[in-house]
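The structure under discussion appears below in the form of structure tokens.
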Amino acid sequence: MTRDLTKRLLQEQIERVWGRGEVALIASNYSPDVLDHMPAEGQSSGLDGLKNVVGEFHAAIPDLAMDLHHVLAAGDYGVDVWTLSGTHDGPLFGQDATGAPLRFSGIDMVRVEGDRIAELWHVEEMAQLGEQIGISTGAFDVPLF
């Protein structure tokens, strides 16, 4: 295990999977039984759940852009800090398109096993996103553990 591998996986997660919607990378960069500890409401677990949520965001925000600010890696763990921006042009979390500009940030932590991401934790500014698209923050209540 190298720090460089962990950093590469995190960079590709933000810039390519989320930033460009390259969902094909999910199968090669995540373990087949990846555990997302904090899935979006209604998101299934595993690779299909990750593919679906990325697809839903890109359908709702066709001009989605990701800015990767920091990547840190130590041992089997890595952390990234990012900001998503774009325009709300399609349904997202049950809210029809508003045309509103979006901008919110988040932090991800991963555990790498072998050469793939095996576990994923993430915290996003969901209250800020909800305010920007006109839904209550209660819609994003997700148990942490």
> From the backbone phi of segment 24-40, what are the Karplus-calculated ³J(HN,Hα) couplings (6.51 cos²θ - 1.76 cosθ + 1.60, θ = phi - 60°) in whole Hz, Gly and Pro given as x?
Replying inline: 4, 5, 4, 5, 8, 9, 10, 4, x, 10, 3, 10, 8, 6, 9, x, 5
>> Using only Cα atoms and rounding to the nearest 10 degrees, what angle (0 to 90) does helix 46-60 make with the longest principal axis of the chain?
In response: 40
> (i) 18.5; (ii) 15.4; (iii) 17.0: which one is Kirkwood radius over Cα pairs in Å as calculated from this entry?
Replying inline: (ii)
> Between Phe93 and Ala27, what length in nm is gained on full extension when 0.36 nm per residue of separation is reduced by their alpha carbon distance?
Replying inline: 21.3 nm
> Local charge sum around Glu113 (other residues, Cβ-Cβ under 14 Å, Lys/Arg +1, Asp/Glu -1)?
Replying inline: -2
> If the chain between Arg16 and Tyr77 were fully stretched, how many nm would it gain, using 0.36 nm times the residue separation less the Cα-Cα distance?
Replying inline: 20.0 nm
> Roughly how many Å² is the accessible area per residue of the chain, as a whole number, for a 1.4 Å probe?
Replying inline: 51
>> Given a 1.4 angstrom probe, I'd like the percentage of the accessible area of the chain that is carbon and sulfur, rounded to a whole number.
In response: 53
> With each run of n ≥ 4 DSSP H residues scored as -39500 (n - 2.57), what mean residue ellipticity at 222 nm is computed for the chain after dividing by its residue count and rounding to the nearest 500 deg cm²/dmol?
Replying inline: -8000 deg cm²/dmol
>> I need two numbers for segment 1-79: Rg to one decimal and Dmax as a whole number, Cα atoms only, in Å.
In response: 12.7, 36
> What length, rounded to one decimal in nm, is gained on full extension from Asn52 through to Ala65, with 0.36 nm per residue of separation minus their alpha-carbon distance?
Replying inline: 2.9 nm
> Where does helix 3-12 land angle-wise versus the long Cα axis of the chain, in degrees 0 to 90, nearest 10?
Replying inline: 20
> Label points 7 Å out from Cα along the Cβ direction at Gln132 and Ile107: separation in nm?
Replying inline: 1.9
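The values are calculated or read from the model by the stated rules, or taken from the named source; none is laboratory data. All figures in this text were calculated on a predicted structure; none of them were measured in a lab. When we count neighbours, we look across all protein chains shown, and the Cβ atoms used for this are built from the backbone with ideal geometry, even at glycine. Each accessible area value is taken on the protein alone, full model and side chains, heavy atoms only, with ligands, DNA and RNA left out. Shrake-Rupley method; radii C 1.70, N 1.55, O 1.52, S 1.80 Å.
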